[in-house]
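Colleague: Before we start, here is the structure in question, set down as structure tokens.
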Amino acid sequence: MLKIPQSTDWREARRNSARRAILDGAWDAVNEEGLAGLSLRGLARRVGITAPTIYAYFDSKNAIYDAMFAEAATTFAERMAEPYDSKDAREVLTEGVNRFVAFCIGNAARYQLLFQRTLPGFEPSAESYVPAVVALEGTRGRLARCGVTAARHLDLFTALLTGLVDQQISNDPGGDRWLLLIDESIDMFLAHCQPTLPPTENHQRTTLTRGEQS
């Protein structure tokens with residue numbers, strides 16, 4: 001039996017389509033003009049509506065930014081959660097870093113929205129921020145598999161990664177100058193943060209035997 005859609009379903013589909021068109025136009029605008037360059041009047045022209053019509057779908061420019069943040073954070077979290085090629089903790093950590101860097105340099109405006117405070121007065125809503133928290137927990141888990149669990153080391157790790165991304169985007173867009181430092185940076189980080197394990201019992205016994213023989 002054919003089910004006739006209810007009028008509320010039709011209205012909801014139309015509303016979702018309009019919001020999608022506005023968000024697509026907003027992404028096009030910030031990719032061309034930067035995050036701060038988004039204007040409701042210009043956005044309306046892109047979408048083919050009047051500026052007041054935007055308020056039927058978003059109550060402010062920050063509401064548009066919030067929807068964009070949620071969309072970008074969800075895409076990021078899903079990308080970071082995809083299966084990893086290796087089971088080795090060090091290799092998984094490295095693959096995660098490469099995913100993060102590729103995601104960031106693939107769209108500078110998206111990176112700035114998620115990881116920098118470039119919009120005065122904008123804070124993502126708690127709901128929109130949830131995927132970002134999920135992604136950070138994934139990073140925490142990958143570090144823990146490498147024996148790195150201190151909160152300050154997670155802070156250091158995120159600062160290291162965003163520093164590489166900032167340098168790459170700012171000083172060598174389209175190149176690989178700072179990308180080539182990823183492996184070295186991870187080695188340096190792990191050498192500094194991984195706990196120094198005490199000698200094993202077998203190692204102690206071997207050392208003692210050699211001492212007795214000398």
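The values are calculated or read from the model by the stated rules, or taken from the named source; none is laboratory data. From a predicted model like this one, the values you see are computed outputs, not experimental measurements. Every residue, glycine as well, gets a Cβ built from its backbone with ideal geometry; the counts of neighbours run over all protein chains shown.
Colleague: For D172, are the conditions met, namely being modelled with pLDDT of 95 or more, out of contact with any helix residue (DSSP H, G or I) (no Cβ under 8 Å at 6 or more places or on another chain), closer than 19 Å to V30 by Cβ and surrounded by 13 or more Cβ atoms within 10 Å (Cβ to Cβ)?
Modeller: No, not satisfied.
Colleague: Next question. Counting residues that are small (G, A, S), which helices (runs of 4 or more DSSP H) fully inside segment 79-165 reach at least 3?
Modeller: Filter on segment 79-165 gives 89-105, 126-145.
Colleague: Sticking with this structure for a sec: Looking at the structure I just gave you, is R41 touching a residue at least 24 places away in the same chain (Cβ under 8 Å), on the phi < 0 side of the Ramachandran plot and among the charged types (D, E, K, R)?
Modeller: When the stated conditions are applied, R41 does not pass them.
Results for (1) under 27 Å from Q167 (Cβ atoms); (2) surrounded by fewer than 17 Cβ atoms within 10 Å (Cβ to Cβ); (3) modelled with pLDDT under 95, shown as yes or no for each residue.
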| site | (1), (2), (3) |
| --- | --- |
| D66 | no, no, no |
| F76 | yes, no, no |
| A89 | yes, yes, no |
| V101 | yes, no, no |
| F115 | yes, no, no |
| P131 | yes, no, no |
| T139 | yes, no, no |
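Colleague: Based on this model, can you work out whether E12 counts as part of a helix (DSSP H, G or I) and under 30 Å from L154 (Cα atoms)?
Modeller: In short, no.
Colleague: Could you pull out the residue among F76, F100 that is touching a Phe, Trp or Tyr at 6+ places or on another chain (Cβ under 7 Å), closer than 24 Å to D172 by Cα and in the same structural domain as S170 (by TED's automatic domain parsing)?
Modeller: F76
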